[in-house]
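Everything on this sheet refers to the single structure shown next.
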Amino acid sequence: MAIKVIIPTPLRAYAGKRESLDVNAATVGEALAALTSQYADLKKHLFADDGRLRSFVNVYVNEEDIRYLQKDQTHVRDGDTISIVPSIAGGAMD
């Protein structure tokens, strides 16, 4: 199954400067594993030492947050899009 993984701008430096990558996977976890096996430097930015997705990394399948689905066990189908969205904090108060 061809799944498109969208790589956010801040992480593209660790993914060969690619905006997206097509991977074959049946779950979100498999898709992220395929992505990080191809781009090893990306792994430390997505996963904690214990192997869990970092708390500030949000992942969506077709605009649905996987935290409200089956997390990394969320099934994906041919043509689905996975978006990685790092949380942004900070800013200035006016």
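Please report Rg over Rh for the chain, where both radii come from the alpha carbon positions and Rh follows the Kirkwood definition.
Checking Rg against Rh, the ratio lands at 0.98.
Report, in deg cm²/dmol and to the nearest 500, the calculated mean residue ellipticity at 222 nm for the chain, where each DSSP H run with n ≥ 4 adds -39500 (n - 2.57) and the sum is divided by the residue count.
Using -39500 (n - 2.57) per qualifying helix, the result is -5500 deg cm²/dmol.
Could you give the nm distance between label points at Asp22 and Asp49, where each point is 7 Å from its Cα heading toward the beta carbon?
Going from the Asp22 label point to the Asp49 one covers 3.9 nm.
If you restrict to DSSP beta bridges whose two residues both lie in region 1-82, what percentage is antiparallel, to the nearest 5?
The antiparallel fraction comes to roughly 85 percent.
Setting aside same-chain residues fewer than 8 positions from Lys71, which lysines have a Cα under 21 Å from its Cα?
Correct list for Lys71: Lys4, Lys43, Lys44.
Work out the length of the dipole vector of the chain about its Cα centre, built from +1 on the beta-carbon of each Lys and Arg and -1 on the beta-carbon of each Asp and Glu, and round it to the nearest 20 debye.
Numbers: 11 positive and 13 negative charges, 52 e Å.
Magnitude of the dipole: close to 240 debye.
Rule-based calculations on the coordinates, nothing more; no lab input. Since the model is a prediction, treat every value here as computed from it, not as a measurement. Ideal geometry is used to build each Cβ from the backbone, glycine not excepted, and the neighbour counts take in all protein chains shown.
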